[in-house]
Amino acid sequence: MRFRIYRYSPEKDQKPFMQDYELNNIVPGMMLLDALLLLKEQDPTLAFRRSCREGVCGSDGMNINGTNGLACITPLSELKEPVEVRPMPRLPVIRDLIVDMDSFYKQYRDVKPYLIVKDPLPEVELQQTPEQRDKLDGLYECILCGCCSTACPSFWWNPDKFLGPAALLQAARFIEDSRDQATEERLDALDDPFKLFRCHTIMNCIQVCPKDLNPTKAIGNIKKIMVKKSL
Amino acid sequence: MSAPGLQGLRPWIIQRITAVYLAIFIIYFALSAPSMGTMTAGEWRAWAGSPVNTISLGLFLIATLWHAWIGVRDVILDYFPNVVARLFVLALVAAVLLGSLLWGLKALLLML
């Protein structure tokens, strides 16, 4: 099986280039990550992130044949040859397929991704009805792999000012949470021309999310709640 | 702040309200105005001169330009990261739209 992989080492390469590789020992059922690990045996200089190898940790987000996804849950049998593997778009490349996620994590921190409770905490846990808990389904499962944000054209144009689908999904997760007592502040913080309203429902985020989440819908819900509050 | 004076939610709501008005007005116009191809100046004047039509035409003018302003503003916010260039293009668009507003209002007033 043939592969074309983006290579770039800022310390020694003038500019990025695509390197061709070939693997003969492909076994049915192999994922792209398995192939990358075999290629790394061939060429130990090839660099990429991976950890859990089962789509839970979100470390191996990359651009596979033009679409962002996790290498560990992308079956080789579904890929057209040569398989073109590039780093996720728009983030600075540290080396080969490894991107600098700092700005992505900063956006995540910007939405204050934790419960804010102003009342004194109860002695036991904060309780929710099953219906209140159901509202968090489709929001809390995000693994922060970055596939959605780096597939979003609005993020490409304004990566520093638009929060991007991943962070906005988390904003929605805490706005929808019945236990959170900072809903108003959260909504006010997003009422800005860039942070939320650069989303033009392009929906690349839904297409690439490896956990099948729907950030576009979450962003739409934030807008709905904002409108209700402003009336 | 990256875009002084520009807001998020308000323009988004106005864009939607003006869109609804534009859709309703265009249907009303198509059904009630004399046909564009054969209409004479006199017929047009008579239609636009009735109070309901003058007011709805005036609102149409404002809604169109406001809707256009928000839409073009959004495109400019997307594609002009440089603040100076962005302000220049925004001012240019604002000037064209304000000019159109005055021109349209003048045409409407002449109708009366």
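Scan the stretch B:54-112 residue by residue and report those that are exposed (fewer than 14 other Cβ atoms within 10 Å of the Cβ), among the β-branched types (Val, Ile, Thr) and over 27 Å from A:Phe197 (Cβ atoms). Within the stretch B:54-112, B:Ile55 is the sole residue that qualifies. Within the stretch A:190-203, take every residue that is in contact (Cβ under 8 Å) with a residue 40 or more places away in the chain and surrounded by fewer than 18 Cβ atoms within 10 Å (Cβ to Cβ) and give me the one that is nearest to the other protein chains (Cβ to nearest Cβ). Per the stated criteria, the residue is A:His200. In the stretch A:76-91 there is at least one residue that is outside any loop (DSSP other than H, G, I, E, B) and free of Cβ contacts under 8 Å to residues at least 60 places away in the same chain. Scanning the stretch A:104-125 for residues that are among the basic types (Lys, Arg) and free of Cβ contacts under 8 Å to residues at least 60 places away in the same chain yields A:Lys106, A:Arg109. For the stretch A:157-177, the criterion of being β-branched (Val, Ile, Thr) and either buried (at least 18 other Cβ atoms within 10 Å of the Cβ) or within 12 Å of chain B (Cβ to nearest Cβ) (or both) is satisfied by at least one residue. Any residue at all in the stretch A:30-53 that is closer than 20 Å to A:Val99 by Cβ, buried (at least 16 other Cβ atoms within 10 Å of the Cβ) and of a type in the set (S, T, N, Q)? No, because not a single residue in the stretch A:30-53 is closer than 20 Å to A:Val99 by Cβ, buried (at least 16 other Cβ atoms within 10 Å of the Cβ) and of a type in the set (S, T, N, Q).
Cβ-Cβ contacts under 6 Å between residues 6 or more apart (or on different chains), taken from a first residue in the stretch A:204-231 that is closer than 15 Å to A:Thr150 by Cβ to a second residue that is surrounded by 14 or more Cβ atoms within 10 Å (Cβ to Cβ) and of a type in the set (A, V, I, L, M), are listed as A:Asn204/A:Ala151; A:Val208/A:Ala151; A:Pro210/A:Leu70; A:Pro215/A:Leu169. For the stretch A:15-27, the set of residues classified as more than 16 Å from A:Ile98 (Cα to Cα), modelled with pLDDT of 95 or more and surrounded by fewer than 17 Cβ atoms within 10 Å (Cβ to Cβ) consists of A:Asp20, A:Glu22, listed by residue number.
Conditions tested, residue by residue: (1) over 26 Å from A:Asn158 (Cα atoms); (2) part of a strand (DSSP E or B); (3) touching a helix residue (DSSP H, G or I) at 6+ places or on another chain (Cβ under 7 Å); (4) hydroxyl-bearing (Ser, Thr, Tyr).
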| position | (1), (2), (3), (4) |
| --- | --- |
| A:Pro10 | no, no, no, no |
| A:Asn24 | yes, no, no, no |
| A:Ala35 | yes, no, yes, no |
| A:Gly55 | yes, no, yes, no |
| A:Gly58 | no, no, no, no |
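The values are calculated or read from the model by the stated rules, or taken from the named source; none is laboratory data. Since we're looking at a predicted model, the values are computed, not measured. Cβ atoms come from the backbone with ideal geometry, glycine included; neighbour counts cover every protein chain shown.
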